[in-house]
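Taking it in order: structure first as structure tokens, then the write-up.
The values are calculated or read from the model by the stated rules, or taken from the named source; none is laboratory data. Keep in mind that what you see is a predicted model, and the values were worked out from it rather than measured. Positions of Cβ are backbone-derived with ideal geometry, glycine not excepted, and every protein chain shown enters the neighbour counts. Surface areas here come from the heavy atoms of the whole protein model, side chains and all, with no ligands, DNA or RNA. Shrake-Rupley method; radii C 1.70, N 1.55, O 1.52, S 1.80 Å.
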Amino acid sequence: MGDEVVANPTYLGHIRHFFEPVDIEHMGRLGVDLSTYESLRDRATSVYFVTKPPDPWMPPDPARHWSAERSETFANWIRNGFPLGDPIPQEPTAVEVARVRKDASALNQAEIDSLKLAFQRIMQRDADDPAGYFVLAGRHWFPTPTECLHHEDRFNPWHRVYVTKFEDALRSVPGAESVTLPYWDITRPPPDFLFDPPFDSYTLPETIHPSYPAGHKTTRFESDTIADLVAAEEIPETIAYAITQPIWNDFISYEGRGIEAAHDSGHGATGETMAHPDAAAFDPIFWLFHANWDRLWWQWQQKMNATTVATFRSTILGSADWLDPPFNDLRPFEETADQTIDLTAMGISYAQPAEPAPEPVPTVRRAQVGSLAAAEGVRVNESPQASVRLKGIHRLSIRGSFRAVLRANGEVIGRRTFFQSTEPGDCTTCRERAKINLDFLVNADDVLGKALSTSIEPIMPDPDFGDTIPLVACGNPTLNARLLLERA
């Protein structure tokens with residue numbers, strides 16, 4: 001890459017690859033962060049001069065000094081105003097791993113039988129067995145509601161470890177040592193076997209909360225209902241949009257059209273136990289559901305060339321502290337967030353879905369935004385999209401997951417589900433993010449000249465308000481709308 005001068009280099013496409021892990025580590029010890037866009041942009045001139053031939057003093061190893069061509073490319077990046085750009089998509093490299101997780105709909109009968117055996121056996125283990133179903137599922141929320149991470153950067157790393165610990169427990173069953181946890185591709189209806197024992201439900205052997213006493217049995221919607229709700233919430237479209245975003249912040253977003261927004265909607269669409277974090281992990285479908293979100297994260301990492309800590313950090317705008325100690329903690333697990341980035345190093349990969357996505361989507365698509373630097377040049381499409389934001393929702397006053405519904409002249413034009421406990425005030429992460437915003441991405445024609453209204457509807461009826469929570473009871477949020485722009 002450094003042997004040819006690039007006239008119009010971008011950070012994501014070219015510049016971030018100029019710095020190897022040894023460079024980032026060395027300069028990090030000196031208090032200089034070369035791993036993120038904003039930090040490098042702010043120090044770009046200094047970096048240029050200390051690496052410029054013929055007499056650079058960085059990198060210290062003469063064998064790794066920059067060529068004149070690489071230096072000129074870096075200078076062009078500075079001259080052009082530090083363009084962020086897009087990654088150059090990489091074809092996934094085949095790596096031999098110990099565990100390959102398959103699409104649940106592609107399992108043969110022998111594989112289903114082995115999975116069934118593993119689930120049955122860990123469900124039969126004592127309620128205090130660390131490798132038993134009861135303890136493992138309880139780590140997600142009740143009876144220990146302080147351990148799970150949602151709506152923050154560590155969401156994906158925490159769940160990557162979580163599903164792997166569960167898979168370890170499955171593989172500890174004699175006769176199921178080679179079982180891997182399959183994933184349920186939520187863009188397709190759940191496979192039929194998930195509605196047969198032991199995958200259809202789980203009965204609590206002990207009380208985890210007054211609302212979930214011993215003997216409580218998990219429930220979920222029928223397959224057709226799940227499929228209808230997945231479509232109504234536009235989950236496939238949200239996934240397709242998220243997977244093309246080159247910036248981690250846009251991929252992971254729960255406020256906008258990111259992967260955690262799709263995750264939240266997926267929980268609500270699967271219901272009834274799955275609708276809230278409280279006991280969601282006790283429904284056996286939870287594990288296949290979350291294997292899928294982990295698969296999608298890995299798919300995004302491969303697409304954006306973000307499979308190492310260094311390359312992953314380079315996709316983050318803003319703070320990347322959550323990858324560094326002590327902020328990379330994933331309690332109760334010993335693993336840390338940075339250790340989850342390379343899935344193949346964990347000995348895991350995912351097989352392709354049994355059926356491809358119904359429509360091809362762009363390999364990389366920059367998120368449309370409400371504002372851009374004037375120097376970049378901006379454009380409004382002929383058929384523009386608009387972002388309508390429900391701003392300032394005080395979530396702690398809402399007991400459990402809820403849907404925000406947007407209407408234009410009384411007709412529903414958007415739904416957004418937010419996944420939270422029935423006791424959000426007891427959650428540290430919830431309290432830290434007590435006020436949230438939810439964005440609806442709509443065609444401008446759907447809102448121009450029309451009366452907009454919104455409602456907040458709990459997934460399960462609220463004891464005080466029933467099917468609709470008055471807006472004044474959750475902070476009296478505001479509606480804001482703006483056209484979205486693209487770089488010209």
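Filtered by the rule that a residue be hydroxyl-bearing (S, T, Y), over 26 Å from A320 (Cβ atoms) and part of a helix (DSSP H, G or I), the stretch 132-167 gives a lone residue, Y133.
For the stretch 198-231, the set of residues classified as over 24 Å from T144 (Cα atoms) and surrounded by fewer than 13 Cβ atoms within 10 Å (Cβ to Cβ) consists of E222, D224, listed by residue number.
Among residues of the stretch 164-178 being touching a residue at least 60 places away in the same chain (Cβ under 8 Å) and open to solvent by 10 Å² or more (accessible area, probe 1.4 Å), the one that is nearest to L296 (Cα to Cα) is T164.
Inspection of the stretch 110-117 identifies at least one residue that is more than 22 Å from L343 (Cβ to Cβ) and of a type in the set (K, R).
From the list W293, W298, W287, the lone residue that is modelled with pLDDT of 95 or more and open to solvent by 10 Å² or more (accessible area, probe 1.4 Å) is W298.
Residue count for the stretch 300-335, restricted to those that are touching a residue at least 60 places away in the same chain (Cβ under 8 Å), within 23 Å of V163 (Cα to Cα) and of a type in the set (S, T, Y): 1.
The stretch 242-304 holds helices (runs of 4 or more DSSP H) entirely within its bounds, and those carrying 2 or more residues that are under 11 Å from the mean Cα position of the chain (by Cα) and aromatic (F, W, Y) map to 248-252, 285-303.
Evaluation of Y254 against the conditions (1) more than 26 Å from T180 (Cα to Cα); (2) out of contact with any Phe, Trp or Tyr (no Cβ under 9 Å at 6 or more places or on another chain) shows that the sole unmet condition is (2).
Of S371, S387, which residue is modelled with pLDDT under 95 and open to solvent by less than 60 Å² (accessible area, probe 1.4 Å)?
Step by step, each of S371, S387 is checked, and only S387 is modelled with pLDDT under 95 and open to solvent by less than 60 Å² (accessible area, probe 1.4 Å).
Which of the residues spanning the stretch 101-131 are open to solvent by 10 Å² or more (accessible area, probe 1.4 Å), small (G, A, S), under 15 Å from L170 (Cα atoms) and not in a loop (DSSP other than H, G, I, E, B)? Listed by number, the list holds a single entry, S114.
Of all the numbered requirements in (1) within 35 Å of the chain's Cα centre (by Cα); (2) at pLDDT 95 or above; (3) open to solvent by 50 Å² or more (accessible area, probe 1.4 Å), A98 misses one, and that requirement is (2).
Please verify whether the stretch 142-149 includes one or more residues that are more than 16 Å from the chain's Cα centre (by Cα), of a type in the set (D, E) and at pLDDT 95 or above. Among the residues of the stretch 142-149, not one is more than 16 Å from the chain's Cα centre (by Cα), of a type in the set (D, E) and at pLDDT 95 or above, which makes the answer no. Checked against the criterion of being under 23 Å from H267 (Cα atoms) and of a type outside the set (S, T, Y), the stretch 444-452 contains not a single residue that satisfies it. Checking R160, R139, R125, R154 one by one, the residue that is under 19 Å from L288 (Cβ atoms) and at pLDDT 95 or above is R160 and no other. Looking across the stretch 168-192, the residues that are under 19 Å from R295 (Cβ atoms) and part of a helix (DSSP H, G or I) come down to D168, L170, R171. Taken over the stretch 232-286, the criterion of being farther than 25 Å from L84 by Cα and aliphatic (A, V, I, L, M) is satisfied by A232, I235, A262, A269, M274, A275, A279, A280, A281, I285. In the stretch 436-460, the residue that is farthest from Y254 (Cα to Cα) out of those that are among the hydroxyl-bearing types (S, T, Y) and open to solvent by 20 Å² or more (accessible area, probe 1.4 Å) is S453.
Taking (1) surrounded by fewer than 17 Cβ atoms within 10 Å (Cβ to Cβ); (2) in contact (Cβ under 8 Å) with a residue 40 or more places away in the chain; (3) of a type in the set (S, T, N, Q) in turn, T422 satisfies each apart from (1).
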